[in-house]
1. Taking H as built 1.01 Å from N, whose amide H comes closer than 5 Å to the amide H of Ala80, not counting residues under 5 places away?
2. Could you give the spread of the C-alpha atoms of the range 6-104 along their three principal axes, from largest to smallest, in whole angstroms?
3. What ranking do Leu24, Leu101 get, fewest neighbouring Cβ atoms within 10 angstrom at the top?
4. I'd like the FRET efficiency for Arg43 and His99, computed as 1/(1 + (r/R0)^6) with the beta carbon distance as r and R0 of 22 Å, rounded to 0.05.
5. For Val20, Val36, what ranking results if the residue with the fewest other Cβ atoms within 10 Å of its Cβ goes first?
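Bear in mind that the values in this text are calculations on the coordinates, not laboratory data. Because the structure is predicted, anything quoted here is derived from the model rather than measured. All Cβ positions, glycine included, derive from the backbone under ideal geometry; neighbour counts span all protein chains shown.
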Amino acid sequence: MSPGDPTVESAESATIELTVNGPLEASAVRAFAAVVDRAIARRPRRLVIDLTDCPFIDAAAIDVLLDAHRRTWPSGGLLALRNPSPRVRRILEIARLDHVLQLTTTLPSEPGLDRPEQPAAVATRPAPGDHVAP
């Protein structure tokens, strides 16, 4: 796949992981949205999007992430963004998505930590090992 195209890293009944390789900008967002749609159609309890190799996201990618959150939350699902770079994390913070989406460096492993008790737009709780910006 070309840079920016998401790939399915692994899939199991409770968790689907997607890995993004390259920037999520206009040229890659359509393919990214299609992969996210297919993942959500499988109704995972947790959808993890690994952004380790994603140096940049634009407004269209943010829209896809928000839509994915809106579609997974009502059925008890969780959207988590793993390992966003400092630049991507800052973009998400400026857009205030750090208050809506779970940003993590690792997956929560303790029961009850994989989904906040309150709606994500109201409460955020960093996962163990997350860096919390001052």
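1. Leu47, Val48, Ile49
2. 32, 25, 20
3. Lowest to highest Cβ neighbour count: Leu101, Leu24.
4. So the FRET efficiency works out to roughly 0.30.
5. Fewest-to-most Cβ neighbours within 10 Å comes out as Val36, Val20.
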